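The values are calculated or read from the model by the stated rules, or taken from the named source; none is laboratory data. As the structure is a prediction and not an experimental result, all values here were calculated from the model. Ideal geometry is used to build each Cβ from the backbone, glycine not excepted, and the neighbour counts take in all protein chains shown.
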Amino acid sequence: MRLFAFFIFALFVPSFSQAQTGPRHAYTVLGEPALPAGFPHFPYVNPTAPKGGEVALASVGTFDNFNPFILRGSADGHGISSWVGLAGVGSGTSSGHVWESLLTGSADEASTGYGHLAESIEVAADKTWTAFTLRPEAKFSDGTPVTAEDAAWTFRTLIEKGRPAYRIQYTDVKDVVVEGPRRMRFNFNTGRNRDLPLMVGGLPVLPKHFFETRDFSKPLTEAPVGSGPYRVSAFELGRSIVYSRDPKWWAANMPTGIGTNNFDRVRIEYFRDSTVAMEAFKAGKSDIRGENISKNWATAYDFPAVKTGLVLRRDFPHQLPQGMQGWAMNTRRAVFADPRVRQAIGLAFDFEWTNKNLFYSAYTRTGSYFTNTDNAAAGLPSPAERALLEPYRASLPMGLFDRPFALPVTDGSGTNRDQLKQALELLREAGWTVKDRKLVDANGRQLSFTILVYDPSFERIALPYVQSLLKLGLDAKVRSVDAAQYQRLTDDYDYDMILTSYGTSELPGNETRDYWSCASRDPKGGNNVSGICDKAIDALIEKIVAADAREPLRDAARALDRVLLWNWYMVPNWHGGAFHIAHWDRFSFPGKPMREGVNFDTWWVDEAKAARLAEARK
């Protein structure tokens, strides 16, 4: 869901209407796109990259259909996102593998969309509408032209039958009007939401003629018709999928397609357990692996193929915003209704011990919802932030105005007595007392909750945290379920605490509504994991969405960051600055630095390397 918006950070910000009026080859939220009209290809690709070969990938989980736009079922979403199982090995150059969108992002820029299915985009001077003209070359995999009616039908169908997040994120879109076979116009309810052109431009365009004979609200169990570089050529539900490159892909020689999607076939095998997936990689059953577990990166890659150079380990530094990862507390549950209880639970997490003993000191503590951007709050609120926060002073947490927010810091010994004493005092203020080593309320009920995880590797992180919570007298447990059950439970908000993350950008916007607004609290399948509904937060979100210059956007984002942090909706975790990739030595890639760090869609099978590897395996 979060892959459909593209963002950019501009050092100089002209006014919206001055920079964006008239038909253009690209659109950026604030500023100008880096690449001019008629650019030959993205700067980080190899335009002469050879095509061919097969790549094998491993994914932990399962799937039962090919419709990732609805709540029902466990869909395979690779057609609209990066190849699964590769943490950080994304697809920034093309909008999808099976379905394409009107605009596509660049792995080197944020908040910018370049014409892909659309040859041009036009934005009204008053920002109340945006129009797209489709390329005449754009076709679906069955040879049918992509039309404006397909785009309009897709938008209406996703709003009516898609996941609730669509209705939330596109609430400011009034309607879509087909003005010709290749031109459509999206009309907006407001001219103050700067993200809307990118948001509607980032929607996938689905084939109306394929889906109108099927019930879109039901899981799709047959290979779909798409407009992307790959087709689903073979599959076994729950076990494997084979994507084959379409030799007639309409965008192969377009600036947004040159040098990308170089594999003839991509085969994905599904595994129920991450340990088994790792063993499959070691045995050569999968070709590449993105490692997001620091312990594994430090200790698990010592098998013979690594020592002999047949498997290579690489770190790809990136310049991406880090957002927020943490243990999210579901405030829909009564146990987390009091912010003092949430703060106490947050104080009990010993990051320094965790980082040293579980992560080999590989991470930095995350202290903002906008980490690694200029939007992260620091120190005391500025005068501009105070002006935004002052109307809500009575409902805001004590200390927000006169103390910098600070996470607890321990000595890493595992004895965080000072933090636990502070947590216990907060719990007593909230009406909880310790009796017979149990933390109970006035009716004698013990404070209890469960941490829900879907991967056993998360248990090694959660269990030490539970031990720390038990010292306070809490009854905390860890429950591990499979990926399909986890998806159902989280779609229904049927959990106490989960590990989650919020992606962000240099220019946050419409996605903040989906994350933290009152409107996103109740619709199932949304991204408001903590169940947040707060007037101050809603007001700050609207300031962010409507900001038409960098400075007011920064002030509103920093103010929002403070309110979220001081309310302790999450127990902040950690972040790193590079993607860890291990792969069998059969690939080459451009090797040009990029903002995203690495983009697997620009790699190719190197025949000489593949031959050497095959000989060595004999």
Query raised in the report: Can you find a residue in the range 465-485 that is over 27 Å from Gly414 (Cβ atoms), among the polar types (S, T, N, Q) and surrounded by fewer than 20 Cβ atoms within 10 Å (Cβ to Cβ)?
Result: yes
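Before we move on, is Gly85 modelled with pLDDT under 90 and touching a helix residue (DSSP H, G or I) at 6+ places or on another chain (Cβ under 6 Å)? Spell out the reasoning first.
Numbers: modelled with pLDDT under 90: yes; touching a helix residue (DSSP H, G or I) at 6+ places or on another chain (Cβ under 6 Å): no.
Here the answer is no, as Gly85 does not meet what is asked.
Does Ile541 meet the test of being surrounded by fewer than 23 Cβ atoms within 10 Å (Cβ to Cβ) and of a type in the set (Val, Ile, Thr)?
Numbers: surrounded by fewer than 23 Cβ atoms within 10 Å (Cβ to Cβ): no; of a type in the set (Val, Ile, Thr): yes.
Judged against the criteria, Ile541 is not a match.
For every residue, the table says whether it meets (1) closer than 21 Å to Ala118 by Cβ; (2) modelled with pLDDT of 90 or more; (3) among the charged types (D, E, K, R).
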| residue | (1), (2), (3) |
| --- | --- |
| Asn189 | no, yes, no |
| Lys218 | no, yes, yes |
| Pro255 | yes, yes, no |
| Gly284 | no, yes, no |
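If you check Arg167 against the conditions, is it under 25 Å from Ser74 (Cα atoms), under 27 Å from the mean Cα position of the chain (by Cα) and modelled with pLDDT of 95 or more? Don't jump to the end; show me each part of the working.
On the way: under 25 Å from Ser74 (Cα atoms): yes; under 27 Å from the mean Cα position of the chain (by Cα): yes; modelled with pLDDT of 95 or more: no.
So Arg167 fails the test.
Residue under question is Asn527, and the condition is that it be part of a loop (DSSP other than H, G, I, E, B), in contact with a helix residue (DSSP H, G or I) (Cβ under 6 Å, 6 or more places away or on another chain) and among the polar types (S, T, N, Q); does it hold? Even if it seems obvious, please write down each step before you answer.
On the way: part of a loop (DSSP other than H, G, I, E, B): yes; in contact with a helix residue (DSSP H, G or I) (Cβ under 6 Å, 6 or more places away or on another chain): yes; among the polar types (S, T, N, Q): yes.
Yes.
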Requested in this report: Search the range 385-411 for residues that are under 24 Å from Glu551 (Cβ atoms) and pair each with any residue that is surrounded by fewer than 16 Cβ atoms within 10 Å (Cβ to Cβ) and acidic (Asp, Glu) when their beta-carbon atoms are under 9 Å apart and the residues are at least 6 apart or on different chains.
Outcome: Phe401/Glu390
Report task. Could you list, in sequence order, all residues of the range 556-579 that are buried (at least 22 other Cβ atoms within 10 Å of the Cβ), in contact with a Ser or Thr (Cβ under 8 Å, 6 or more places away or on another chain), not in a loop (DSSP other than H, G, I, E, B) and not aliphatic (A, V, I, L, M)? Result -> Arg558, Asp561
Report summary line: Within the range 291-307, residues acidic (Asp, Glu) and touching a strand residue (DSSP E or B) at 6+ places or on another chain (Cβ under 9 Å) come out as Glu291
Report task. Please verify whether the range 218-230 includes one or more residues that are within 26 Å of the chain's Cα centre (by Cα), in a strand (DSSP E or B) and more than 30 Å from Gly31 (Cβ to Cβ). Result -> yes
Report summary line: Inside the range 285-331, the number of residues satisfying the requirement of being closer than 17 Å to Leu57 by Cβ and crowded, with 20+ Cβ neighbours inside 10 Å is 7
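So, Asn193, is that one modelled with pLDDT of 95 or more, closer than 28 Å to Leu553 by Cα and of a type outside the set (Ser, Thr, Tyr) or not?
No, not satisfied.
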Requested in this report: Quick one: which residue in Val571, Val605 is in contact with a strand residue (DSSP E or B) (Cβ under 9 Å, 6 or more places away or on another chain), at pLDDT 95 or above and closer than 30 Å to Tyr392 by Cα?
Outcome: Val571
Query raised in the report: Which of the strands (runs of 3 or more DSSP E) contained wholly in the range 367-475 include at least 3 residues that are over 17 Å from Asp338 (Cβ atoms)?
Result: 448-453
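How many residues does the range 340-366 contain that are polar (S, T, N, Q), touching a helix residue (DSSP H, G or I) at 6+ places or on another chain (Cβ under 6 Å) and assigned to a helix (DSSP H, G or I)?
Of the residues in the range 340-366, the ones polar (S, T, N, Q) are 343, 354-355, 357, 361, 364, 366.
Adding the requirement that they be touching a helix residue (DSSP H, G or I) at 6+ places or on another chain (Cβ under 6 Å) leaves 343, 361.
Now restrict to residues that are assigned to a helix (DSSP H, G or I): 343.
Counting residues in the range 340-366 that are polar (S, T, N, Q), touching a helix residue (DSSP H, G or I) at 6+ places or on another chain (Cβ under 6 Å) and assigned to a helix (DSSP H, G or I) gives 1.
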Requested in this report: Answer with yes or no whether Asn262 is under 27 Å from Phe42 (Cβ atoms), touching a residue at least 60 places away in the same chain (Cβ under 8 Å) and in contact with a strand residue (DSSP E or B) (Cβ under 6 Å, 6 or more places away or on another chain).
Outcome: yes
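For the range 580-592, what are the residues that are assigned to a loop (DSSP other than H, G, I, E, B) and modelled with pLDDT of 90 or more?
Start the filter on the range 580-592 by keeping residues that are assigned to a loop (DSSP other than H, G, I, E, B), which leaves 585-586, 589-592.
Within the range 580-592, Asp585, Arg586, Phe589, Pro590 qualify.
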Requested in this report: Examine the range 130-144 for a residue that is in contact with a helix residue (DSSP H, G or I) (Cβ under 9 Å, 6 or more places away or on another chain), more than 17 Å from Met184 (Cβ to Cβ) and surrounded by 24 or more Cβ atoms within 10 Å (Cβ to Cβ), and state whether such a residue exists.
Outcome: no
Requested in this report: Looking only at the range 480-496, count how many residues are touching a residue at least 60 places away in the same chain (Cβ under 8 Å) and aromatic (Phe, Trp, Tyr).
Outcome: 2
Query - Failed item in (1) without any contact (Cβ under 8 Å) to a residue 24 or more places away in the chain; (2) crowded, with 20+ Cβ neighbours inside 10 Å, with Asp175 passing the rest - result: (2)
Query - Neighbours by Cβ (under 7 Å, 6+ apart or cross-chain): first from the range 314-340, without any contact (Cβ under 8 Å) to a residue 12 or more places away in the chain; second hydroxyl-bearing (Ser, Thr, Tyr) and in a loop (DSSP other than H, G, I, E, B) - result: Ala337/Thr331
Query raised in the report: Does Arg595 qualify as being at pLDDT 95 or above, within 22 Å of the chain's Cα centre (by Cα) and either assigned to a helix (DSSP H, G or I) or under 29 Å from Asp315 (Cβ atoms) (or both)?
Result: no
Report task. Hey, could you check the range 235-256 for residues that are assigned to a loop (DSSP other than H, G, I, E, B) and in contact with a His (Cβ under 8 Å, 6 or more places away or on another chain) and say which is farthest from Val146 (Cα to Cα)? Result -> Pro255
